[in-house]
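Participant: Questions regarding the structure given below will be posed in turn.
The values are calculated or read from the model by the stated rules, or taken from the named source; none is laboratory data. Values in this document were obtained by computation on a predicted structure and should not be read as measured data. Here Cβ is always computed from backbone atoms with ideal geometry, including for glycine, and neighbour counts include all displayed protein chains. With ligands, DNA and RNA removed, areas are computed over all heavy atoms of the protein, side chains included. Shrake-Rupley method; radii C 1.70, N 1.55, O 1.52, S 1.80 Å.
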Amino acid sequence: MAIETPKRVHSEPVVVNIGPQHPSTHGVFRLKATLDGEIVQDVDMLIGYLHRSMEKLAEERTFTQNIPFTDRIDYLAAMSNNLSYCLAVEKLAGIEVPLRGQWLRVLFAELQRIASHAMANGTFVNDCGAWQTPLMYMFREREKILDLFEMTCGARLTTNYMRIGGVAFDPPLELWPALCSLLDEMPDRLEEYAALTVDNEIVLARSKGVGVVSAEAALNASLSGPLLRGSGVPWDLRKADPYCVYDQLDFDIPVGRDGDCYDRFRVRLEEVRQSVRILNQVVERIPGGPWQAEVPLHLRPAAGEAYARIESPRGELGFYVVSDGGPTPWRFHCRAPSLINLSALKEMTVGRSLADAIVTLGSIDIVVGEIDR
Amino acid sequence: MTVLLDLQVVADQLRGAVPESVPRVDTWAVIVDAGHLVEAVRFLAGSALDLSFLASLTAVDRESHFELVYHLQSLDRNHLLTLKTIAEDHETPCVPSLTGEYRGAHLQEREVFDLMGIRFEGHPDLRRMFLWDGFPGYPLRKDFLGMPGTLSAGLPGFPHESGENRWPVPGSTPVIPQS
Amino acid sequence: MSAWLLAAWYDLRDLSGISREITEWVASWGPEWLASAVSGAIGAIGILAVIGPTLMILIWTERKVIARLQVRYGPNRVGPRGLLQPVADAVKLILKEELVPRAADKWLFFLPPVLVFIPALLVWGVLPFGPHMQVADLNVGVLFLLAVSGTNVLAVFIAGWASNNKYALFGAMRVIAMTISYEIAMVLALLTVVFLTGTMSINGIVLWQQQEDLILIVLLPMTALTFLLGATAELNRTPMDIAEAESEIVAGYHTEYSGMRFGLFYAVELANTLVMSAFMATFFLGGWWLWGLDAWVPSWIILLVKTSLVYFVFIWLRGTLPRLRIDQLMTFCWKLLVPAGLLFVAIAAVERTLLLEYAWDRTIALPVMAVINAAVTVAVIGAYARVTGAGAHRAPAGPRMARGRLGGLRAARQLAQAPSGSD
């Protein structure tokens, strides 16, 4: 009796649109995934749902008027964006920021980093499938930081706090005790959070070895921030190209081992610890004096260009501002780390399951406002 | 502290290695010829300069031509170079793509193509990114929606700067023209 | 307690008295089938009357407990302490438009929310609330439970298929794959119980525990664990909620359902969780029996308390753990739960033989067996953890500190080779 060889079962890949509205795309971000069963064969990003043409709008507004735009670029790290843009304009116009202004900038940039990383790590574990609990734990601290922002500049999310030549306000006196009590409880809270997630067997199983990107690939793909450091490259602009007063502060750069999602997660967690360290120093050492330089009301930087970058929570956030000597920038470009960090998305996700792709996307920590601008 | 490379030195080195790229120097950057951009960048990334990290890529509309601005960084040696190239043709500008050298150029070139309309020769997947496929024009160009003589990019000046009211004063009653 | 209270129809401890009185009264004048029908109807009405309000309370409980686990308050606006929140939710869901996707298979699309309800209600019939409080004391009760609760998958698959949505289809496929696997583990777990107790009647299993003065979780910890995890998988609850994995496939098979249809799915999920908690309590925690306390406290209250306990464990799991990937879930089932289940079937068979054929002294034999089973459980789980590389010996190393070594690739290599980079 002849045994008939079974015919190959006909199958074809399925194209699944993850997004634009999807719980794990953290905004309106669309990922077109070609799946073979559960295995991702190809991913393609279709973005622009949140494109607000900021770079064009900024060309129609004065240099100072553009600061609120930068809030909306990366709405989870508004302070950092304010800072980077102001640094660029100061570089362009040759403005010197008074010392207290610089320290205040560091203070709020680091608070913003904690808030942003809290969000990133919380949503990352959420993407691993946790039912909101780690996010809520991280949100406790984030709420307190946002309260500090509110105390200082009246806004929690889109702060619009930095000004060209310094910061808008000196924080009220009530800020300092609130900040100190937050800094005091931060280590305990971080410990608690780490106990919940870091050694969690399921978090490990879901993120260890997932979304690996090697140091070479990370560099070639211009990744920055926790992604680059997670891949083992010790690169942090706060150390490498210190702005404000970071060169006077004592802190360390955490660097991952394998370049997987888990490493990025741990790097972010450790960066929060380092930020707490920086903040403690800031509270101790912040000098008095003016916080805002004398900047001409009608600011017309001389024709020229400047590229200033900072280490934002998501990576190298640069602003490239070109002036033609007029009241508005001739060109306003934002080097958005969220967008460029997606360069390596394909090799991080292809060949693994859909669930892994989601975890990888979560570990990149995208902010769609920054991708699309 | 990141060192900004001495532009003249880099230009001299480039002139020695890739003479056909015709390196020039302005206040901020080394400018190379668009036709030999890839060779120049390959030299910059591979030589002792080690500019192997493309920090940023963007373009500036200079009305008569386009300026492509590349910020190249060496992480190990911690120095930065601003490299520029010129796309002369303002209607259909075209420069070679750097995707072969830097993966990171992939999305940034797509962005520039989308908003500035600069074609990158050799880009594997040059599509519009933020705007939809049928979008008319390239919004970051200075002449986008521009009408001759009426509207121009940017503000002419600050309000109240020269004593005359360029903009309506807040609180003043607007004069409604009678029909 | 006065004798007139005991075994009277109004005895609160055994609500079946009312049913018995009515049935006997019907039987005294009517045909036998009518009496059976009346008896069944009373049971059904009783269960339906209980489940509805219970579900409402459960929704509130689950949200409240989860909220407390997540350092927030939970619903506290509608009604006293937010107790009316589920009512408000239900009203909202009823008032919402029920969308039907244009590409959906219309008729099949209507079916699943109804279909899922049937098994969820049917299984209550074999649950003993007390020594006599059971709608049907089937002598194949365990089989009935497995068969009926297994049909849930069919409805879920219909939902996934009829929606004509890729997420829904993915969810449905995952449900099938997972439920079939975990069903086997669950069957093996129940088989162990059946072997040991020698009965398939669910009330019989409780009676066995009463007779031996022992709850089964002590004797069969691994089996209880398998049942709990199998139930978690069957119920699609975290950490095994891959069927409706929110972060991956939006809502799985009920992505396209809106309004009260979604509400039905949601309610069934809770009802199933409740019934599985009740069965867990019955099989492994002694059901309505609690070392003689059931003579004083109504047995159904004892069962309710035990059920709540198990239910809390389910909520706790949901509030704490992330989700596993489907291949990890399958590995866990096929490489740990099923082999361990088989092992314990064998162990239970041996123990049953020793107890029955060789008539070992139970007061000594049962504690010894409990210790042996616990040891085997620990050994099996430990071995699994060692083989798969999970467990404490794989404590993950944290990030290295750059400590001034800054740079690109070269620095990265140096840092990786640095001997004590972990500090």
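Participant: If C:Ser308 satisfies every condition in (1) more than 30 Å from C:Arg72 (Cα to Cα); (2) open to solvent by 50 Å² or more (accessible area, probe 1.4 Å); (3) modelled with pLDDT of 85 or more but one, which is the exception?
Facilitator: C:Ser308 satisfies all of (1) more than 30 Å from C:Arg72 (Cα to Cα); (2) open to solvent by 50 Å² or more (accessible area, probe 1.4 Å); (3) modelled with pLDDT of 85 or more except (1).
One line per residue, one yes/no per condition, for (1) outside any helix (DSSP H, G or I); (2) away from chain A (no Cβ under 14 Å); (3) of a type in the set (S, T, N, Q):
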position	(1), (2), (3)
C:Met276	no, yes, no
C:Leu290	yes, yes, no
C:Leu304	no, yes, no
C:Trp316	no, no, no
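Participant: Of everything in segment B:96-134, what is among the β-branched types (Val, Ile, Thr) and more than 24 Å from B:Ser74 (Cβ to Cβ)? Give them in sequence order.
Facilitator: B:Ile118
Participant: Condition check: open to solvent by less than 50 Å² (accessible area, probe 1.4 Å), part of a helix (DSSP H, G or I) and over 30 Å from A:Arg140 (Cβ atoms). Does C:Ile51 satisfy that?
Facilitator: In short, yes.
Participant: With respect to A:Pro234, determine if the residue is outside any helix (DSSP H, G or I), in contact (Cβ under 8 Å) with a residue 12 or more places away in the chain and over 21 Å from the mean Cα position of the chain (by Cα).
Facilitator: Criteria not met by A:Pro234.
Participant: May I ask you to say which residue of B:Pro124, B:Pro148 is assigned to a loop (DSSP other than H, G, I, E, B), at pLDDT 85 or above and out of contact with any helix residue (DSSP H, G or I) (no Cβ under 6 Å at 6 or more places or on another chain)?
Facilitator: B:Pro124
Participant: Does B:Glu63 satisfy being in contact (Cβ under 8 Å) with a residue 60 or more places away in the chain and outside any strand (DSSP E or B)?
Facilitator: yes
Participant: Another one. Considering only segment C:166-212, how many residues are closer than 30 Å to C:Ala359 by Cα, in contact (Cβ under 8 Å) with a residue 60 or more places away in the chain and aromatic (Phe, Trp, Tyr)?
Facilitator: The qualifying residues number 1.
Participant: Test A:Val198 against the criterion of being surrounded by fewer than 21 Cβ atoms within 10 Å (Cβ to Cβ), more than 9 Å from every other protein chain (Cβ to nearest Cβ) and within 30 Å of A:Leu354 (Cβ to Cβ), and give yes or no. It would help to see each step written out before you state the result.
Facilitator: Details: surrounded by fewer than 21 Cβ atoms within 10 Å (Cβ to Cβ): yes; more than 9 Å from every other protein chain (Cβ to nearest Cβ): no; within 30 Å of A:Leu354 (Cβ to Cβ): yes.
Considered against the rule, which asks whether it is surrounded by fewer than 21 Cβ atoms within 10 Å (Cβ to Cβ), more than 9 Å from every other protein chain (Cβ to nearest Cβ) and within 30 Å of A:Leu354 (Cβ to Cβ), A:Val198 comes out as no.
Participant: Any residue in segment A:257-282 that's within 14 Å of chain C (Cβ to nearest Cβ): show its pairings with residues that are in a helix (DSSP H, G or I) and aromatic (Phe, Trp, Tyr) at Cβ separation under 6 Å, as long as the two are six or more apart or on different chains.
Facilitator: A:Phe265/A:Phe124
Participant: Within segment A:244-256, count every residue that is more than 10 Å from every other protein chain (Cβ to nearest Cβ) and open to solvent by 20 Å² or more (accessible area, probe 1.4 Å).
Facilitator: Of the residues in that region, 3 qualify.
Participant: For segment C:228-240, indicate whether the set of residues that are more than 30 Å from C:Asn165 (Cβ to Cβ), part of a helix (DSSP H, G or I) and more than 14 Å from every other protein chain (Cβ to nearest Cβ) is non-empty.
Facilitator: The answer is yes; a qualifying residue exists.
Participant: Consider A:Glu216 carefully, then state whether it is within 14 Å of chain B (Cβ to nearest Cβ), open to solvent by 20 Å² or more (accessible area, probe 1.4 Å) and not in a loop (DSSP other than H, G, I, E, B).
Facilitator: yes
Participant: Another question about this same structure. Just to be sure before I move on: is A:Gly326 at pLDDT below 85 and facing another protein chain (nearest Cβ under 7 Å) in the structure I sent?
Facilitator: Answer is yes for this residue.
Participant: Now a separate question. Take the residues in segment A:296-314 that are more than 10 Å from every other protein chain (Cβ to nearest Cβ) and buried (at least 18 other Cβ atoms within 10 Å of the Cβ); name whichever of them is farthest from A:Glu270 (Cα to Cα).
Facilitator: A:Pro301
Participant: Exactly one of these conditions fails for A:Ser222: (1) open to solvent by less than 10 Å² (accessible area, probe 1.4 Å); (2) within 14 Å of chain B (Cβ to nearest Cβ); (3) part of a helix (DSSP H, G or I); (4) closer than 30 Å to A:Ile95 by Cβ. Give me its number.
Facilitator: Looking at each condition in turn, A:Ser222 falls short on (3).
Participant: Would you check if there is a residue in segment A:264-282 being in a loop (DSSP other than H, G, I, E, B) and either in contact with a Leu (Cβ under 8 Å, 6 or more places away or on another chain) or not polar (S, T, N, Q) (or both)?
Facilitator: no
Participant: Here's a follow-up. Given A:Pro327, A:Pro301, A:Pro287, which one is part of a loop (DSSP other than H, G, I, E, B) and out of contact with any Ser or Thr (no Cβ under 8 Å at 6 or more places or on another chain)?
Facilitator: After applying the criteria, what remains is A:Pro287.
Participant: May I pose another question? Restricting attention to segment A:68-84, report how many residues are buried (at least 24 other Cβ atoms within 10 Å of the Cβ) and either free of Cβ contacts under 8 Å to residues at least 40 places away in the same chain or in a helix (DSSP H, G or I) (or both).
Facilitator: Total meeting the criteria: 9.
Participant: Please work out if B:His79 is touching a Phe, Trp or Tyr at 6+ places or on another chain (Cβ under 9 Å) and open to solvent by less than 30 Å² (accessible area, probe 1.4 Å). Steps first, answer last, please.
Facilitator: Numbers: touching a Phe, Trp or Tyr at 6+ places or on another chain (Cβ under 9 Å): no; open to solvent by less than 30 Å² (accessible area, probe 1.4 Å): yes.
When the stated conditions are applied, B:His79 does not pass them.
Participant: How many residues does segment A:57-66 contain that are open to solvent by 20 Å² or more (accessible area, probe 1.4 Å) and of a type in the set (Gly, Ala, Ser)?
Facilitator: 0
Participant: Among the listed residues C:Ile176, C:Ile158, C:Ile180, which satisfies the condition of being within 14 Å of chain A (Cβ to nearest Cβ) and part of a helix (DSSP H, G or I)?
Facilitator: Details: C:Ile158 fails: within 14 Å of chain A (Cβ to nearest Cβ); C:Ile180 fails: within 14 Å of chain A (Cβ to nearest Cβ).
Criteria check complete, one pass: C:Ile176.
Participant: Pick out the one residue from C:Ile302, C:Ile364 that is free of Cβ contacts under 8 Å to residues at least 24 places away in the same chain, more than 16 Å from C:Thr226 (Cα to Cα) and open to solvent by 40 Å² or more (accessible area, probe 1.4 Å).
Facilitator: Only one candidate qualifies: C:Ile364.
Participant: Return the only residue of B:Leu68, B:Leu54, B:Leu72 being modelled with pLDDT of 85 or more, away from chain C (no Cβ under 14 Å) and assigned to a strand (DSSP E or B). Before you say what the answer is, go through the steps one by one.
Facilitator: Working: B:Leu54 fails: away from chain C (no Cβ under 14 Å); B:Leu72 fails: away from chain C (no Cβ under 14 Å).
Exactly one residue qualifies, and that residue is B:Leu68.
Here is a yes/no grid of residues against (1) surrounded by 15 or more Cβ atoms within 10 Å (Cβ to Cβ); (2) in contact with an Asp or Glu (Cβ under 6 Å, 6 or more places away or on another chain); (3) of a type in the set (Gly, Ala, Ser):
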site	(1), (2), (3)
A:Pro13	no, yes, no
A:His22	yes, no, no
A:His26	yes, no, no
A:Lys32	no, yes, no
A:Glu38	yes, no, no
A:Val43	yes, no, no
A:Gly48	yes, yes, yes
A:Arg52	no, no, no
A:Glu55	yes, no, no
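Participant: Return yes when A:Val167 is open to solvent by less than 10 Å² (accessible area, probe 1.4 Å) and either touching a Pro at 6+ places or on another chain (Cβ under 6 Å) or farther than 17 Å from A:Val282 by Cα (or both) and no when it is not.
Facilitator: no
Participant: Answer yes or no: is there a residue in segment C:324-343 that is more than 22 Å from C:Met178 (Cα to Cα), open to solvent by less than 50 Å² (accessible area, probe 1.4 Å) and part of a helix (DSSP H, G or I).
Facilitator: no
Participant: Can you tell me how many residues within segment B:41-51 are buried (at least 21 other Cβ atoms within 10 Å of the Cβ) and either over 22 Å from A:Leu219 (Cα atoms) or out of contact with any Asp or Glu (no Cβ under 8 Å at 6 or more places or on another chain) (or both)?
Facilitator: The total comes to 2.
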